[in-house]
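To keep things clear, I will list the structure first and then write my remarks on it.
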Amino acid sequence: MRPRRVYETVVYAIDLEAARAFYRDALGLREVEDGVFRLDDDGVLLLFDPTLSSQPGRVVPSHGPTGAVHVAFSVGAGELDAWRDRLAEHGVELEQDHDWQRGGARSLYVRDPAGNSVELVDGDLWPR
């Protein structure tokens, strides 16, 4: 028995409104409630304020980063140039455009408003 897929990922941001706008508007994720985004594969991206999520005595165990975190999203084959244009339209600066030797994949890297590393991947980087 083993886990089947990532169910949810948390990205931390002090300015939750700016982060929500980035993931909703620049990336086009579907926000199902404040700071909760549902992806097409039913995965969930959560946005948390680390000053609140790291407090003791919460309903769930306390957690939060001490620096930027990383999240990667798969995109459709051949879509990265269109993503590059879309991100530019939303004022998002491209940090890196990387062609991978492995699997012929390519990635775009940007930062969300909280400084977290966001990767968009065309292809498959990891063995199955």
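For the stretch 71-96, give me the residue count where each residue is within 16 Å of the chain's Cα centre (by Cα) and over 20 Å from L39 (Cβ atoms).
So the count comes out to 5.
What's the number of the condition I14 fails, among (1) touching a residue at least 24 places away in the same chain (Cβ under 8 Å); (2) under 16 Å from the mean Cα position of the chain (by Cα); (3) outside any loop (DSSP other than H, G, I, E, B)?
The single condition I14 does not satisfy is (3).
Taking the stretch 22-48 only, how many residues are in a helix (DSSP H, G or I) and of a type in the set (A, V, I, L, M)?
Residues that pass the stated criteria total 1.
Of these, L27, L47, which one is under 16 Å from the mean Cα position of the chain (by Cα), touching a residue at least 40 places away in the same chain (Cβ under 8 Å) and under 26 Å from I14 (Cα atoms)?
Unique residue meeting the criteria: L27.
Considering only residues that are modelled with pLDDT under 95 and of a type in the set (A, V, I, L, M, F, W, C), look in the stretch 81-107 and name the one that is farthest from L125 (Cα to Cα).
Once the filter is applied, the top-ranked residue is W100.
For the stretch 54-106, which residues satisfy the criterion of being hydrophobic (A, V, I, L, M, F, W, C) and part of a strand (DSSP E or B)?
Result: V71, A72, F73, L94.
Just for the stretch 110-128: of the residues that are surrounded by 16 or more Cβ atoms within 10 Å (Cβ to Cβ) and either among the charged types (D, E, K, R) or not in a loop (DSSP other than H, G, I, E, B) (or both), which one is nearest to the chain's Cα centre (by Cα)?
Filtering the stretch 110-128 for residues that are surrounded by 16 or more Cβ atoms within 10 Å (Cβ to Cβ) and either among the charged types (D, E, K, R) or not in a loop (DSSP other than H, G, I, E, B) (or both), the one nearest to the chain's Cα centre (by Cα) comes out as V118.
Would you check if A72 is over 22 Å from L125 (Cβ atoms), surrounded by 10 or more Cβ atoms within 10 Å (Cβ to Cβ), modelled with pLDDT of 90 or more and not charged (D, E, K, R)?
no
Could you check the stretch 30-68 and list, in sequence order, the residues that are touching a Phe, Trp or Tyr at 6+ places or on another chain (Cβ under 9 Å) and exposed (fewer than 10 other Cβ atoms within 10 Å of the Cβ)?
Within the stretch 30-68, D42 is the sole residue that qualifies.
For the stretch 76-100, give me each residue that is out of contact with any helix residue (DSSP H, G or I) (no Cβ under 9 Å at 6 or more places or on another chain) and hydrophobic (A, V, I, L, M, F, W, C).
Hits for the stretch 76-100 are A77, L80, A82, W83, A88, W100.
The values are calculated or read from the model by the stated rules, or taken from the named source; none is laboratory data. All values derive from a computational prediction rather than experimental measurement. When we count neighbours, we look across all protein chains shown, and the Cβ atoms used for this are built from the backbone with ideal geometry, even at glycine.
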